[in-house]
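To start, the structure itself, in structure tokens.
The values are calculated or read from the model by the stated rules, or taken from the named source; none is laboratory data. Predicted model, so just to flag it, every value in this text is computed and none were measured. Backbone-built Cβ (ideal geometry, glycine too); neighbour counts: all protein chains shown.
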Amino acid sequence: MDIGGGASSLAGHLLSRGYTDISVADISEAALGRARDALGDDAERVAWVTADVRAQDFGRRFDLWHDRAVFHFMVDEADRANYLTILRGSLACRGEAIIATFGPDGPRQCSGLPVQRYGVEQLHDALGEEFEPVSSVLVDHPTPSGNRQQFLYGRFRLTTDPLEHRGG
Ligand SMILES: C[S@@+](CC[C@H](N)C(=O)[O-])C[C@H]1O[C@@H](n2cnc3c(N)ncnc32)[C@H](O)[C@@H]1O
């Protein structure tokens, strides 16, 4: 599951490397439409879900949850709590989440919106003890306008049975 995948080309890259059972969810139907159009006929091999990650029952669980630049927009505690309820309920047992947020030296805002910057310990604190850290890396991400933004990529494994979290 690429959550908040928007118009990203990740799904196409995964398909070209032989991955199957790929889902992309985003609150923006227009962004998903751009990603779908870019894939042409291959778009049929991806499940596209228009959804608000804070309030969506995906009706299944995923082995891997990937989020680049969505969770860091959740600056309200209630939004983070709702996101994490959905994440825990959507991951398979021992499933993993790769969450990419702005890092400690990353921007404080994106597209005019405030963001929360994270170091790996802070991100682990935010996700909670049900997740164990697997690995992390800080990356200087080049933007189309030539600037650089520091991202933290954190990989975490769910250590508890997601069924315990159904219903919040
Ligand atoms: C900065 S873009 C990142 C897009 C993509 N992940 C990437 O790295 O190229 C953030 C994306 O999150 C989506 N988004 C924001 N809030 C969301 C929410 N509550 N539920 C689902 N998607 C959301 C936006 O529509 C947008 O496509």
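Overview of values
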quantity: Of all residues in region 38-52 being in a helix (DSSP H, G or I) and in contact (Cβ under 8 Å) with a residue 12 or more places away in the chain, the one that is farthest from residue 21 (Cα to Cα); calculated: 38
quantity: Residue 26 being surrounded by 19 or more Cβ atoms within 10 Å (Cβ to Cβ) and not polar (S, T, N, Q); calculated: yes
quantity: Residues that are within 19 Å of residue 115 (Cβ to Cβ), within 12 Å of the ligand (Cβ to nearest atom) and of a type in the set (A, V, I, L, M, F, W, C), drawn from region 79-96; calculated: 87
quantity: Matching residues in region 36-51 - criterion: being over 16 Å from the mean Cα position of the chain (by Cα) and hydrophobic (A, V, I, L, M, F, W, C); calculated: 38, 39, 43, 46
quantity: Condition broken by residue 66, with the remaining ones in (1) in a loop (DSSP other than H, G, I, E, B); (2) buried (at least 19 other Cβ atoms within 10 Å of the Cβ) satisfied; calculated: (1)
quantity: Top-ranked residue in region 53-63 [being more than 12 Å from the ligand (Cβ to nearest atom) and part of a loop (DSSP other than H, G, I, E, B); ranked as surrounded by the fewest Cβ atoms within 10 Å (Cβ to Cβ)]; calculated: 59
quantity: Strands (runs of 3 or more DSSP E) fully within region 84-168 counting 2 or more residues that are more than 18 Å from residue 65 (Cβ to Cβ) and under 18 Å from the mean Cα position of the chain (by Cα); calculated: 131-142, 148-158
quantity: Residue within region 20-32 that is in a loop (DSSP other than H, G, I, E, B) and not hydroxyl-bearing (Ser, Thr, Tyr) present; calculated: yes
quantity: Residue in region 131-149 that is touching a helix residue (DSSP H, G or I) at 6+ places or on another chain (Cβ under 7 Å), surrounded by fewer than 18 Cβ atoms within 10 Å (Cβ to Cβ), modelled with pLDDT of 95 or more and under 23 Å from residue 63 (Cα atoms) present; calculated: yes
quantity: Meets criteria (basic (Lys, Arg) and touching a Ser or Thr at 6+ places or on another chain (Cβ under 7 Å)) for residue 155; calculated: yes
quantity: Selection from region 4-26 of residues that are within 15 Å of the ligand (Cβ to nearest atom) and over 22 Å from residue 56 (Cα atoms); calculated: 9, 12, 13, 14
quantity: Residue in region 27-34 that is more than 11 Å from the ligand (Cβ to nearest atom), modelled with pLDDT of 95 or more and of a type outside the set (Ser, Thr, Tyr) present; calculated: yes
